[in-house]
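Structure, as structure tokens:
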Amino acid sequence: MSTQGRIALCPGTYDPVTFGHLDIVERASRLFSSVVVAVAEGSKKKQPLFTADERITLMRASVEHLGNVQVTGFNGLVTTHAREVGASVIAKGVRSAADFDYESQMAQFNHRLADEVQTVFLPASPEWAFLSSSGVREAAAWGADVSGWVPAHVAQALRDRIGPTA
């Protein structure tokens, strides 16, 4: 499968965007002609710390140096959004065997919903394999310095939302 001319969709909640997320997006941007980072507006997981508009703004600022990456919001099925933006690939980062198990199951569902959209897994780079948005949120809430895990503007947004200890 040639990746030239292909659009990849990188869906997620990105609450907040981390260097691990950006590593996956940057690597996808080198593999595919175009990448659409799709920020989930709704979440079944839990109430997000940042609104969808805030997460989209934070992500846009984080990827502005990548000329072939755009950021959209979406609400609904990933496969529906993939079709809407013309993506033939869903690119997902996986940190662990547990991530792979979950994402593999989601890939099977997505294949049943849209068999023309393939899922590609990108393993987390070793320096970011431990990193999760929920871990960043919790560490920030307890006053830890998270500036080594998120871009500076995201660390500032966390401080503004949580307080000066973030």
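Residue by residue through region 10-25, what is 3J(HN,Hα) from phi via Karplus (6.51 cos²θ - 1.76 cosθ + 1.60, θ = phi - 60°)? Round to whole Hz and write x for glycine and proline.
10, x, x, 8, 6, 10, x, 5, 10, 5, x, 4, 5, 4, 5, 5
Could you order the peptides 150-156, 112-118 from most to least packed, using the average number of other C-beta atoms within 10 Å per residue?
Put in order of decreasing packing, that is 150-156, 112-118.
Express the relative contact order of the chain as a whole percentage, based on alpha carbon pairs under 8 Å and six or more residues apart in sequence.
26 percent
When the dipole is taken about the Cα centre of region 7-126, and only Lys, Arg (+1) and Asp, Glu (-1) are charged at their Cβ, what size is it in debye, to the nearest 20?
Its charge dipole is roughly 120 debye.
Net charge near A38, counting Lys/Arg +1 and Asp/Glu -1 over other residues with Cβ under 14 Å of its Cβ?
Around A38, the surrounding residues sum to +1.
Compute the semi-axes of the equivalent ellipsoid of the chain, taking the square root of 5 times each eigenvalue of the Cα gyration tensor, and list them largest first in whole Å.
Semi-axes from the Cα gyration tensor: 26, 16, 15 Å.
Could you put H111, H21 in order, starting from the residue whose Cβ has the fewest other Cβ atoms within 10 Å?
Listing H111, H21 from fewest to most nearby Cβ atoms yields H111, H21.
Would you please name the trypsin sites (Lys or Arg not before Pro) within region 8-61 that are DSSP coil residues with at most 15 other C-beta atoms within 10 Å of their C-beta?
Sites meeting the loop and neighbour criteria: K44, K45, K46.
Tell me which of V78, V25, F100 sits at the most positive position along the dipole axis of the chain, charges placed on C-beta atoms (Lys, Arg +1; Asp, Glu -1).
V78
Have a look at the DSSP beta bridges in region 3-121 and tell me what percent are antiparallel, nearest 5.
If I count the DSSP bridges inside region 3-121, around 0 percent turn out antiparallel.
Counting only helical runs of four or more DSSP H residues, what would the 222 nm mean residue ellipticity of the chain come to if each run contributes -39,500 (n - 2.57) and the total is spread over all its residues?
-13000 deg cm²/dmol
Tell me, what HN-Hα J-couplings in whole Hz come from the Karplus equation 6.51 cos²θ - 1.76 cosθ + 1.60 at θ = phi - 60° for each residue of region 132-147, using x for Gly and Pro?
For region 132-147, the Karplus-derived couplings read 9, 4, 5, x, 4, 4, 5, 4, 5, 5, 8, x, 6, 7, 9, 5 Hz, x marking Gly and Pro.
Non-local amide H neighbours of Q118 (under 5 Å, H modeled in plane, Pro and chain starts lacking H): which ones?
Those lying under 5 Å, H to H, from Q118 are V89, I90.
Can you list residues whose amide H is under 5 Å from C10's amide H, if they're 5+ apart or on another chain and H is modeled 1.01 Å from N?
Excluding prolines and chain starts, which carry no amide H, the hits are V36, V37, A38, A91.
Tell me, what ³J(HN,Hα) does each residue in region 118-126 have, in order and in whole Hz, if you take phi through Karplus 6.51 cos²θ - 1.76 cosθ + 1.60 with θ = phi - 60° and put x for Gly and Pro?
8, 10, 10, 9, 10, x, 4, 5, x
If the label point is 7 Å along Cα→Cβ of A98, which residues in region 123-166 have backbone nitrogen under 13 Å from it?
Under 13 Å, as judged by backbone N against the label point of A98, lie 130-135 of region 123-166.
Every read-out reported here was derived from the displayed coordinates using simple, explicitly stated rules and does not represent laboratory data. Worth saying up front: this structure is predicted, and the values here are computed from it rather than measured. FYI the Cβ positions are ideal-geometry reconstructions off the backbone, even for glycines, and counts take in every protein chain you see.
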